[in-house]
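S.K.: Mind looking over this structure? Questions follow.
The values are calculated or read from the model by the stated rules, or taken from the named source; none is laboratory data. Because the structure is predicted, anything quoted here is derived from the model rather than measured. Note that we place each Cβ from the backbone using ideal geometry, even for glycine, and neighbour counts take in every protein chain shown.
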Amino acid sequence: MGLSERDADAPAMELAGAWRIDKRRPTPAYLQLHAQLLDAISSGALRSGQALPSERDLAVTLGLSRMTVRRAFEEAARDGLVDQRRGSGTYVRSRRLEQTVDRVMGFSDEAVVLGFRPGSQLLEVAIVEADQEVADALECRLGERVRRVSRVRTADGVPLALQVAHLRPSMLSLEAKDLQRHQSLYAAVEARFGVAPQRARQRVSARLPDREEQRRLGIGRNVPVLAFERVTFAAGDEPFEFVRSSYRGDRYALALDLRAPNPGSDRPPE
């Protein structure tokens, strides 16, 4: 374990040092530890995404066996409080981000509305030739040059989505510095080209992640992803963006805002 990891675990170790396990009580030690984990997470003393002390360190600090600590961690995992990552450790589970589909919003605005701190790791800003799917979405010629932007999107510092966006040929001049200045792709596009999203058409499917998604999002091969394909339109119904996104299924949920039909409108048969 590197120095930075030890430093990151220090607050959790300091907190654990104040915990007390009374072996004279009828309540099993692992349940006492589980209760203190619950209190610390509920109060915010242990933050979302924070690493817990190792089983060995916590056992030594509290005078318990590693098996007792492991059982407490397993109970916390079953309760959805923590994630146990093989070879990495145990972490406070991040809150789940739930998107309500009723408007066109970029990731940054969506995260802020839901109370998360949005972030982005820029992987690539490149000029590529449009394949057939991109050409159809952006209504350009097959092989025409388009701007591709690849990013890992984070919420409260935790990787949440891998996004690969293609912008129409007239937006080739968009540069990495534009994204670094504005963080949001939509904000960068509006600042540079005066184009803002007016509507979008989106498709969603669920599948298992490929190796790149596993690596970029820090998930196992059996953690599903929600795969989005979205075409975003500007004024005049002109498409300017085609984006493929892979969201972690254990961190992200999709909600639909459904409304009753207006009085007098055609109703579907029951």
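S.K.: Of all residues in the range 231-259, which are crowded, with 19+ Cβ neighbours inside 10 Å, of a type in the set (D, E, K, R) and modelled with pLDDT of 95 or more?
M.R.: Listed by number, the list holds a single entry, E241.
S.K.: Ok, one more. Quick check on the range 96-103. Is at least one of its residues over 29 Å from P239 (Cα atoms) and at pLDDT below 85? Outline the logic, then answer.
M.R.: Taking the range 96-103 as the starting set, the residues that turn out to be over 29 Å from P239 (Cα atoms) are 96.
Restricting the remaining residues to those that are at pLDDT below 85 gives 96.
Yes; the residues of the range 96-103 include at least one that is over 29 Å from P239 (Cα atoms) and at pLDDT below 85.
S.K.: To continue, here is another question. Kindly indicate whether A196 is modelled with pLDDT of 95 or more, under 26 Å from the mean Cα position of the chain (by Cα) and surrounded by 14 or more Cβ atoms within 10 Å (Cβ to Cβ).
M.R.: no
S.K.: Would you be able to tell me the number of residues in the range 160-173 that are buried (at least 18 other Cβ atoms within 10 Å of the Cβ) and out of contact with any Cys (no Cβ under 8 Å at 6 or more places or on another chain)?
M.R.: Step one: of the range 160-173, the residues buried (at least 18 other Cβ atoms within 10 Å of the Cβ) are 160-163, 165-168, 171.
Remaining after also requiring out of contact with any Cys (no Cβ under 8 Å at 6 or more places or on another chain): 160-163, 165-167, 171.
Residues that pass the stated criteria total 8.
S.K.: Then there's this: I need every pair where a residue in the range 11-37 that is within 16 Å of Q50 (Cβ to Cβ) has its Cβ under 8 Å from the Cβ of a residue that is of a type outside the set (K, R) and surrounded by fewer than 12 Cβ atoms within 10 Å (Cβ to Cβ), sequence separation at least 6 or different chains.
M.R.: Nothing qualifies.
S.K.: Taking the options A187, A206, name whichever one is surrounded by fewer than 19 Cβ atoms within 10 Å (Cβ to Cβ), out of contact with any Ser or Thr (no Cβ under 8 Å at 6 or more places or on another chain) and either more than 30 Å from Q84 (Cα to Cα) or small (G, A, S) (or both).
M.R.: A206
S.K.: Across the range 213-255, which residue is nearest to R168 (Cα to Cα) among those that are of a type in the set (S, T, N, Q) and under 18 Å from the mean Cα position of the chain (by Cα)?
M.R.: S245
S.K.: What are the residue pairs meeting all of these: first residue in the range 115-129, first residue of a type outside the set (S, T, N, Q) and surrounded by 13 or more Cβ atoms within 10 Å (Cβ to Cβ), second residue in a loop (DSSP other than H, G, I, E, B) and modelled with pLDDT under 85, Cβ atoms under 8 Å, and 6 or more apart or on different chains?
M.R.: Every condition considered, the pairs that remain are F116/R95; F116/D156; P118/Q183; G119/G157.
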